[in-house]
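Please read the structure below before turning to the comments.
The values are calculated or read from the model by the stated rules, or taken from the named source; none is laboratory data. Note that the structure is a prediction, hence the values are computed from the model and not measured. Please note: Cβ atoms are built from the backbone with ideal geometry, for glycine as well, and neighbour counts cover all protein chains shown.
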Amino acid sequence: MKQDKATPTNELPDVVIPDSQLAREVAQLIRDTESDLLFNHSTRVYLWGALLGKRQNVAFDPELLYVAAMFHDIGLTSAYRDSELRFEVDGANAARDFLRSHHVDEADVAKVWTAVALHTTPGIPEHMRGEIALVQAGAGMDVAGRGFDEFSEAQRAAVVAGFPRGADFAEKMIDAFFDGMKHRPGTTFGTFNDDFLAYKDPGFKRVDLCSIILNSRWG
């Protein structure tokens, strides 16, 4: 595939951003929809995932991985401020609709949908298809530094040089999560997403599953 000029390549010889018509349209859609913060984050998620896949010999389709990575946080944007779905499902549905509009095979659509929907659900994606496992791994690396030492210093520098994090990335990312979910707090139950609401909103009360069980209609 033709190399994307914006992609750092000096330390990433085996990983490039797909340059198909589909990939270019995805990039343009996400750039038009998301902030620079989320666009750069999503691109880095692809690069971390692809690097990890190459290193661990995980089979994956680069184009499908790229689409999933680029769509994985679109549910946090202002376009979904009225949604009552989990933001991951909003992103998965958006990716599915985009791929179907390009007549992509339904088996591939399902891979991307699952990759986006499960990217905040650790413990499951790593046992699934490569695209699903690598989106979750890439997101964990970029947001929380999970697997940080599995990448060389040169690789980390090259990815961040091409798609900067910024010194205040952590706080801005927390703000993005909060803004994308504060209107639908119930969707964070059973996930770590309620951590963002608890961190930003002192009045937020977590749902206690034990209390629900003990006080259910079963008595």
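Going by the conditions given, is L64 among the hydrophobic types (A, V, I, L, M, F, W, C), more than 21 Å from F169 (Cβ to Cβ), surrounded by fewer than 18 Cβ atoms within 10 Å (Cβ to Cβ) and in contact (Cβ under 8 Å) with a residue 12 or more places away in the chain? Steps first, please.
On the way: among the hydrophobic types (A, V, I, L, M, F, W, C): yes; more than 21 Å from F169 (Cβ to Cβ): yes; surrounded by fewer than 18 Cβ atoms within 10 Å (Cβ to Cβ): no; in contact (Cβ under 8 Å) with a residue 12 or more places away in the chain: yes.
Taking the combined requirement at face value, the residue does not satisfy it.
V16 - would you say it is surrounded by fewer than 20 Cβ atoms within 10 Å (Cβ to Cβ), part of a loop (DSSP other than H, G, I, E, B), at pLDDT below 95 and of a type in the set (A, V, I, L, M, F, W, C)? The answer is yes for V16. Taking the criterion of being surrounded by 20 or more Cβ atoms within 10 Å (Cβ to Cβ) and farther than 15 Å from L65 by Cα, the only residue of the stretch 95-124 that qualifies is T120.
A count restricted to the stretch 83-116 and to residues that are of a type in the set (D, E, K, R), in contact (Cβ under 8 Å) with a residue 40 or more places away in the chain and closer than 22 Å to T188 by Cα stands at 2. Among the residues of the stretch 125-175, those that are surrounded by fewer than 23 Cβ atoms within 10 Å (Cβ to Cβ), within 17 Å of L37 (Cα to Cα) and of a type in the set (A, V, I, L, M) comprise V143, A144, V160, A161, A167, A170, M173, I174. Pairs linking a residue in the stretch 32-53 that is under 21 Å from V16 (Cβ atoms) to a residue that is surrounded by 22 or more Cβ atoms within 10 Å (Cβ to Cβ) and of a type in the set (S, T, Y), with Cβ atoms under 6 Å and 6 or more positions apart or on different chains, are Y46/Y66.
Is there a residue being among the charged types (D, E, K, R), farther than 20 Å from D19 by Cβ and touching a residue at least 40 places away in the same chain (Cβ under 8 Å) anywhere in the stretch 68-80?
So in the stretch 68-80, the residues among the charged types (D, E, K, R) come out as 73.
Remaining after also requiring farther than 20 Å from D19 by Cβ: 73.
Those left that are additionally touching a residue at least 40 places away in the same chain (Cβ under 8 Å): 73.
Yes, some residue in the stretch 68-80 is among the charged types (D, E, K, R), farther than 20 Å from D19 by Cβ and touching a residue at least 40 places away in the same chain (Cβ under 8 Å).
When residues in the stretch 178-205 are screened for being β-branched (V, I, T) and either in contact with a strand residue (DSSP E or B) (Cβ under 7 Å, 6 or more places away or on another chain) or in a loop (DSSP other than H, G, I, E, B) (or both), 1 of them pass.
Evaluation of F204 against the conditions (1) surrounded by 15 or more Cβ atoms within 10 Å (Cβ to Cβ); (2) closer than 22 Å to R31 by Cα; (3) out of contact with any Gly (no Cβ under 7 Å at 6 or more places or on another chain); (4) among the hydrophobic types (A, V, I, L, M, F, W, C) shows that the sole unmet condition is (2). Within the stretch 151-185, the set of residues being in contact (Cβ under 8 Å) with a residue 12 or more places away in the chain and of a type in the set (G, A, S) comprises S152, A154, A157, A158, A161, G162, G166, A176, G180.
Of all the residues in the stretch 179-213, those that are more than 20 Å from the chain's Cα centre (by Cα) and of a type in the set (D, E) number 2.
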